[in-house]
Amino acid sequence: MTFREIDEALLSLIDQETGEVLDVSAFESLQMEREKKAENMALWVLDLKDEVASIDNELKRLKERKEFTERKMDSLKRYLQIITHGEKIKTPLVSVSYRANSSVELLDKESVIKFAQENDLDDDLLRYQEPEISKTAVKKMLVEGKDVPGAIIVENLSTIIK
């Protein structure tokens, strides 16, 4: 039986005018069935919680393995460049070549920012991030009774299963 069916059966065992239980043993049986169903659902939630933790651990392990493999790959590429002196190599199984590229290294970020601002190049050289709202601080203000336009406290019901 579903929870709805159990609840309907429980209601059918109660006299609507007096509130008296018509069949006590059937009522208790349905109550126990309802509790058992709820218990099984809660146990299922706990199992899923364990599964999520296990997946998180596996993701962490795989991330660490990926980062190690990437570092190893970069190291091997640097070593290959050293031993080949940057010369191309072509075999039936692999081809190795090199391409020159350039990148910017910022030695003094403050100097670059100052230069951009003094020369009206803010839009070209600088990126500004959107402000981030501290929900903790907003909640504190709302709890203190202060008005924060565009923000309200919403009460939620949190299910805790241990």
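The values are calculated or read from the model by the stated rules, or taken from the named source; none is laboratory data. Treat the numbers as computed from the prediction; the structure is a model and nothing was measured. We place every Cβ from the backbone using ideal geometry, glycine too, and count neighbours over all the protein chains shown. These area figures cover heavy atoms from the full protein model, side chains too; ligands, DNA and RNA do not enter into them. Shrake-Rupley method; radii C 1.70, N 1.55, O 1.52, S 1.80 Å.
General remarks:
- Breaking point among (1) assigned to a helix (DSSP H, G or I); (2) surrounded by 10 or more Cβ atoms within 10 Å (Cβ to Cβ), for G86: (1)
- Positions within region 101-118 being within 39 Å of the chain's Cα centre (by Cα) and either under 30 Å from I152 (Cα atoms) or exposed (fewer than 10 other Cβ atoms within 10 Å of the Cβ) (or both), in sequence order: N101, S102, S103, V104, E105, L106, L107, D108, K109, E110
- Neighbours by Cβ (under 9 Å, 6+ apart or cross-chain): first from region 104-116, farther than 11 Å from L126 by Cα; second in a helix (DSSP H, G or I) and open to solvent by less than 100 Å² (accessible area, probe 1.4 Å): L106/V112
- Flag for T2 being under 28 Å from I160 (Cα atoms) and modelled with pLDDT under 85: yes
- Taking the listed residues L126, L121, L142, L157, the one that is modelled with pLDDT under 90 and open to solvent by less than 100 Å² (accessible area, probe 1.4 Å) is L121, with no other qualifying.
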